[in-house]
Amino acid sequence: MIFSQKFKYCPVCGSEKFVQHNIKSMCCEECGFIYYINPSAATAAFIRNEAGDLLVCRRSHEPAKGTLDLPGGFIDYNETAEEGIAREVMEEVGIKVENFRYVFSLPNDYLYSDLDIPTMDLFFEGKVKNGTQIQAADDVCECFFIPVRELNPELFGLKSIRHAIKLFISAFENERRENFLA
């Protein structure tokens, strides 16, 4: 459901004349209050071990409960993207990753409380040593490393993550091709 269908009353004055102003805002015709729904910042991490396998998680909650995901989540108020991804990875899989590197961003819609929340998902990459102990926690019910050649984007439940996995696989295959030709 889009936000203009969910909110019927102005949160400032309570008027029923809270109407769509443009694609990303609503305006109260009584008091003039304008509410914008801008993307929330979220993070996701491509974490590889020394063997090159990718860390994936299984979602324990909706949306997309039971599907694969990358560790990550929403950035908290007054937190940098780098602090947010480090915190989320620690909360979800119990590891500290040094030197995360920003890779790219993708827009997404995240269904929460029957409302599509627009997000801007910031993707980072990091590495850990083989044998690093991971432990599913928070909103993750399982986590494991998987060889890149075994990744199936269709097993990932969130649109932006599926797209990111496709980009990751493509970059991996290009890297292998370049190393082979070198």
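Values in this text are rule-based calculations from the coordinates and carry no lab data. Quick caveat, the model's predicted, so the values are computed rather than measured. FYI the Cβ positions are ideal-geometry reconstructions off the backbone, even for glycines, and counts take in every protein chain you see.
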Antiparallel DSSP bridges in the chain: what percent, to the nearest 5?
75 percent
Please report PHE3, PHE123 as a ranked list, fewest other C-beta atoms within 10 angstrom at the top and most at the bottom.
PHE3, PHE123
Residue among ILE169, ILE95, ILE37 with the largest mean-square fluctuation in a Gaussian network model of the chain, springs linking Cα atoms under 10 Å:
ILE37
What order do you get for SER25, SER170 when you list them from fewest to most C-beta neighbours inside 10 Å?
SER170, SER25
Two pseudo-spin positions, 7 Å from Cα along C-beta at PHE144 and at ASN78, lie apart in nanometres by 4.1 nm
Rounded to the nearest 500, the 222 nm mean residue ellipticity computed for the chain from DSSP H runs (n ≥ 4, each -39500 (n - 2.57)) alone is -7000 deg cm²/dmol
Okay, which of the stretch 24-51 sit inside 13 Å, backbone N to the point 7 Å along the Cα-Cβ direction of GLU175?
46-51
Find the relative contact order for the stretch 1-113 and round it to a whole percent, using C-alpha pairs within less than 8 Å whose residues are 6+ positions apart.
15 percent
Counting other Cβ atoms within 10 Å, keep those with at most 15, restrict to DSSP loop, and tell me which trypsin sites (Lys or Arg not before Pro) in the stretch 71-158 are left.
LYS96, LYS129
For THR43, THR67, THR119, which order do you get if you count the other beta carbons within 10 Å of each Cβ and list the fewest first?
THR67, THR119, THR43
Please give the contour-minus-distance gain from GLU30 to LYS159: 0.36 nm per residue of separation, less the Cα-Cα distance, rounded to one decimal in nm.
42.6 nm
Principal axes of the chain: Cα extent on each, largest first, Å:
66, 35, 29
Residues with amide H under 5 Å of PHE74's amide H, sequence separation 5 or more or different chain, H placed in the peptide plane at 1.01 Å from N; which?
THR43
Could you work out how far apart the two model spin labels at TYR102 and LEU167 are, taking each label as a point 7 Å from the Cα in the direction of the beta carbon, and quote it in nm?
1.3 nm
Quick one: dipole size for the stretch 40-175, taken about the Cα centre, charges +1 on Lys/Arg Cβ and -1 on Asp/Glu Cβ, in debye to the nearest 20.
400 debye
Check the straight Cα-Cα distances from LYS166 and name the lysines below 25 Å, setting aside those fewer than 8 residues away within the same chain.
LYS65, LYS127, LYS129
For ILE146, what is the net charge nearby, where nearby means another residue's Cβ is under 13 Å from its Cβ and Lys, Arg count +1, Asp, Glu -1?
-1
